[in-house]
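Reading through the structure tokens given below for one structure.
The values are calculated or read from the model by the stated rules, or taken from the named source; none is laboratory data. All values derive from a computational prediction rather than experimental measurement. Please note: Cβ atoms are built from the backbone with ideal geometry, for glycine as well, and neighbour counts cover all protein chains shown. Side chains are part of the model used for accessible areas, which takes the heavy atoms of the whole protein and leaves out ligands, DNA and RNA. Shrake-Rupley method; radii C 1.70, N 1.55, O 1.52, S 1.80 Å.
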Amino acid sequence: MSWFVTHLECVHCGRRYDPAPDRYVCTECGIKGILDVKYDYEALTGRLTREWFRQSPDRSQWRYFDLLPLARRETIQDLQVGWTPLYLAGRLGEHLGFPNLYIKDDGRNPTGSFKDRASAVGVARALEIGARVVACASTGNAASSLAGFSAAAGLTSYIFVPATAPEAKVTQLLVYGANVLLVDGTYDEAYYLCNAACERWGWYNRNCAINPYLMEGKKTAGWEIAEQFGWDPPDWVVMAVGDGCSLAGVWKGFAEAKLLGLIDRTPRMAGVQAEGARPLVDAFERGSVAPVRPQTLADSIAVGEPRNAAKVLRAVRDSQGTMITVSDDDILAAIHELARFTGVFAEPAGAAAYAGFKKLLHAGVIGREERVVVVVTGNGLKDIKSARAAVQGGRTLRPDLAELAKILEAAR
Ligand SMILES: *Cc1c(COP(=O)(O)O)cnc(C)c1O
Ligand SMILES: [Zn+2]
């Protein structure tokens, strides 16, 4: 039995709880009291050494199994999740005059986004406790991801998404056989409806902000980056932020790697939001979170009431990082630039991270000599409508060589 979890701890008041399966939030603090999973790091220190990792043949996020809140490997699905590629973006770096830019392509996960890391753990956990029905509310990716892993595991899933979610994401849900509920409202409204439904019908709740186990899957990306850099981590990690669980999760991975003595310093975390959905940037600058009505084409980060504010703000501050906004135009330009110079096609939220990096570079917050990882959290094929708005071209012609010659001539 590989279970190093000691307890759950409220991020708000510090109260401790047993890791009971139905324990979601702090009894005292309610929804504000998100719980953090704590492990027996002393026992893990002697076990998880650099040598141990060097010998591990596992090329997935399950190489960090001992750091996950799962008792048995039997409930893990075969879908390949995590250990996504880290690329040195050479041509893009040259274009920018910035030699050490790296892209972590999490669009390569089974359903095309970073969310698979969390869903993989969530579904394994649901199976462990004997749940048959799982549910989540999502801007799109958490949904497709839960639907995909539920399909692999044979669980029934109920998925709440805003009716405006991009077509590719809704299509994914349907092909995976989920029960799809298109909520005529915002993501935030879908979220509340889903939580109420979970309570009423006893479904397993995959919502990251409320289910403490899911962020544990996300932290594996931090571990991977540390390890892929040969335990000499980069200076910055830049990520898009919606609810905040993803960035907070990655930060937890780095913090743990440092705690276990595998790295001796941690990167600074930069969180990027869209101008039309920037409650966490405001909170970072002014101290308190005020809900907004989100307006951005980057649907994955169109979150007006972030549910992991405490965790993400603490992560950014503890890492001596920063937060920044980018406009929708910046995001569209970033999709094209990133793809054109690296071959990595990002959905708008993924490209937002790159747009944020550029802004921080031009503002002098990130230095020219520093090493930076931009995490591409979602695949560009998930939202081709936005991508199509970012590019022009394509010539129609008859299947005729002479006509082609004329076109090529004119283009010279
Ligand atoms: C969910 C998501 C994010 C943001 O993650 P949060 O945990 O909501 O902050 C960023 N990019 C993509 C592609 C996502 O799906
Ligand atoms: Zn509490």
- request: Identify, by number, the condition in (1) over 24 Å from Arg108 (Cα atoms); (2) of a type outside the set (Lys, Arg); (3) open to solvent by less than 60 Å² (accessible area, probe 1.4 Å) that Glu369 doesn't meet.
  value: (3)
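Please go through segment 102-123 and pick out each residue that is acidic (Asp, Glu) and open to solvent by 10 Å² or more (accessible area, probe 1.4 Å).
Asp105 - this is the single residue of segment 102-123 that is acidic (Asp, Glu) and open to solvent by 10 Å² or more (accessible area, probe 1.4 Å).
For segment 216-251, give me each residue that is within 11 Å of ligand 1 (Cβ to nearest atom) and either under 12 Å from Val372 (Cα atoms) or hydroxyl-bearing (Ser, Thr, Tyr) (or both).
Met239, Ser246
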- prompt: basic (Lys, Arg), more than 12 Å from ligand 1 (Cβ to nearest atom) and out of contact with any strand residue (DSSP E or B) (no Cβ under 7 Å at 6 or more places or on another chain) - does that describe any residue in segment 357-369?
  reply: yes
- prompt: If Val303 passes every condition in (1) over 24 Å from Pro69 (Cβ atoms); (2) open to solvent by 30 Å² or more (accessible area, probe 1.4 Å); (3) part of a loop (DSSP other than H, G, I, E, B) but one, which one does it miss?
  reply: (2)
- prompt: Can you name the residue in segment 124-136 that is crowded, with 23+ Cβ neighbours inside 10 Å, of a type in the set (A, V, I, L, M) and in contact (Cβ under 8 Å) with a residue 60 or more places away in the chain and is also nearest to Tyr191 (Cα to Cα) among such residues?
  reply: Ala135
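For segment 12-37, enumerate the residues that are in contact with a Pro (Cβ under 9 Å, 6 or more places away or on another chain) and open to solvent by 50 Å² or more (accessible area, probe 1.4 Å).
Arg23, Tyr24, listed by residue number.
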- request: State whether the residues of segment 39-54 include one that is within 22 Å of Val375 (Cβ to Cβ) and either more than 16 Å from ligand 2 (Cβ to nearest atom) or part of a strand (DSSP E or B) (or both).
  value: yes
task: Go through segment 128-165 and give me each residue that's part of a helix (DSSP H, G or I), modelled with pLDDT under 95 and farther than 18 Å from Leu182 by Cα.
output: Glu128
message: Exactly one of these conditions fails for His12: (1) within 16 Å of ligand 2 (Cβ to nearest atom); (2) farther than 26 Å from Ala349 by Cβ; (3) not in a loop (DSSP other than H, G, I, E, B). Give me its number.
response: (3)
- prompt: Which of the following residues is open to solvent by 70 Å² or more (accessible area, probe 1.4 Å) and either more than 16 Å from ligand 1 (Cβ to nearest atom) or in contact (Cβ under 8 Å) with a residue 12 or more places away in the chain (or both): Glu94, Glu9?
  reply: Glu94
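Rundown of residues vs (1) surrounded by 21 or more Cβ atoms within 10 Å (Cβ to Cβ); (2) free of Cβ contacts under 8 Å to residues at least 12 places away in the same chain, yes/no style:
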{"site": "Val316", "(1), (2)": "yes, no"}
{"site": "Gln320", "(1), (2)": "no, no"}
{"site": "Met323", "(1), (2)": "yes, no"}
{"site": "Glu337", "(1), (2)": "no, no"}
{"site": "Gly343", "(1), (2)": "no, yes"}
{"site": "Ala346", "(1), (2)": "yes, no"}
{"site": "Tyr354", "(1), (2)": "yes, no"}
{"site": "Phe357", "(1), (2)": "yes, no"}
- prompt: Of all residues in segment 336-357, how many are part of a helix (DSSP H, G or I) and closer than 15 Å to Val375 by Cβ?
  reply: 12
